[in-house]
1. Take Ala118 and decide whether it is closer than 13 Å to Val8 by Cα and within 12 Å of ligand 1 (Cβ to nearest atom).
2. Would you check if Val89 is at pLDDT 95 or above and buried (at least 20 other Cβ atoms within 10 Å of the Cβ)?
3. Which pairs do you get when a residue that is closer than 11 Å to Pro141 by Cβ, found in the stretch 83-108, comes within reach of a residue that is assigned to a helix (DSSP H, G or I) and modelled with pLDDT under 90, reach meaning Cβ atoms under 8 angstrom, with the pair 6+ apart or on two chains?
4. Tell me the residue from Gly43, Gly24 that is of a type outside the set (D, E, K, R), at pLDDT below 95 and away from ligand 2 (no atom under 16 Å from the Cβ), please.
5. Given the residues Val94, Val36, Val63, which is the only one that is open to solvent by 10 Å² or more (accessible area, probe 1.4 Å), within 12 Å of ligand 1 (Cβ to nearest atom) and modelled with pLDDT under 90?
6. Scan the stretch 111-131 residue by residue and report those that are open to solvent by 40 Å² or more (accessible area, probe 1.4 Å) and more than 24 Å from Val160 (Cβ to Cβ).
7. Test each condition in (1) under 19 Å from Arg41 (Cα atoms); (2) touching a Phe, Trp or Tyr at 6+ places or on another chain (Cβ under 9 Å); (3) open to solvent by less than 10 Å² (accessible area, probe 1.4 Å) for Leu159 and report the one that comes out false.
8. Please name all residue pairs, on different chains or six or more residues apart, with Cβ atoms under 7 Å, provided the first residue is in the stretch 2-21 and is free of Cβ contacts under 8 Å to residues at least 40 places away in the same chain and the second residue is outside any loop (DSSP other than H, G, I, E, B) and within 8 Å of ligand 2 (Cβ to nearest atom).
Amino acid sequence: MSFTLAIVGRPNVGKSTLFNRLVGKRLALVDDQPGVTRDLREGAGRLGDLRFIVVDSAGLELVDDDSLQGRMRRLTERAVDEADICLFVIDARVGVTAADEYFADILRKRAKHVILAANKAEGRAGENGFLEAYGLGLGEPLRISAEHGEGMDDLYRVLVPLA
Ligand code: GDP
Ligand code: MG
């Protein structure tokens, strides 16, 4: 286990789907309901010859109080602080939202390394959202599909020098 990778982003962008793909088991709950992952889940991730700890986070929420959302947000911040690398996922089909921009700022301040991934971009879907992702100022985004396994070779290539 050479590093810890935390998958972060707002609810419903496909974090748990990506976690499942990297862990290779259905450990995380995938659901159409935003914010279905309420706790941090850890698994043994593998991608090519890389072995790492992968953390599926609750989904960054804008609320910071005693509510469930506030608790989820604090859990996510803990995951960000403890991770060597944060994989920040956006939904390429929806494009960059105000919440994505807000959390990009948090990651810029808190995270050691950020990899930006525009998910749900299978086939030619989400091209506009992918291009918008450059505007987050977190470097060149990856075009991925967690559900269909596209872009995993590119993810591997950016992880290798950080491992
Ligand atoms: P999370 O809330 O960020 O953990 O998102 P989930 O992994 O639970 O996924 C939310 C929804 O997006 C589910 O309906 C998934 O099937 C769907 N989804 C996840 N990844 C992809 C993808 O690569 N392409 C498409 N089209 N849908 C996806
Ligand atoms: Mg989830």
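1. Here the answer is yes, as Ala118 does meet what is asked.
2. yes
3. As it stands, the answer is Phe88/Phe103, since those pairs meet every condition given.
4. Gly24
5. Residue meeting the stated conditions: Val36.
6. Lys120, Gly123, Arg124, Glu127, Asn128, Leu131
7. All conditions are met except number (1).
8. Cβ pairs passing all conditions: Phe19/Asp56.
The values are calculated or read from the model by the stated rules, or taken from the named source; none is laboratory data. In this text, all values refer to a predicted model and were calculated from it rather than measured experimentally. Please note: Cβ atoms are built from the backbone with ideal geometry, for glycine as well, and neighbour counts cover all protein chains shown. The accessibility values were calculated without ligands, DNA or RNA, using every heavy atom of the protein model including side chains. Shrake-Rupley method; radii C 1.70, N 1.55, O 1.52, S 1.80 Å.
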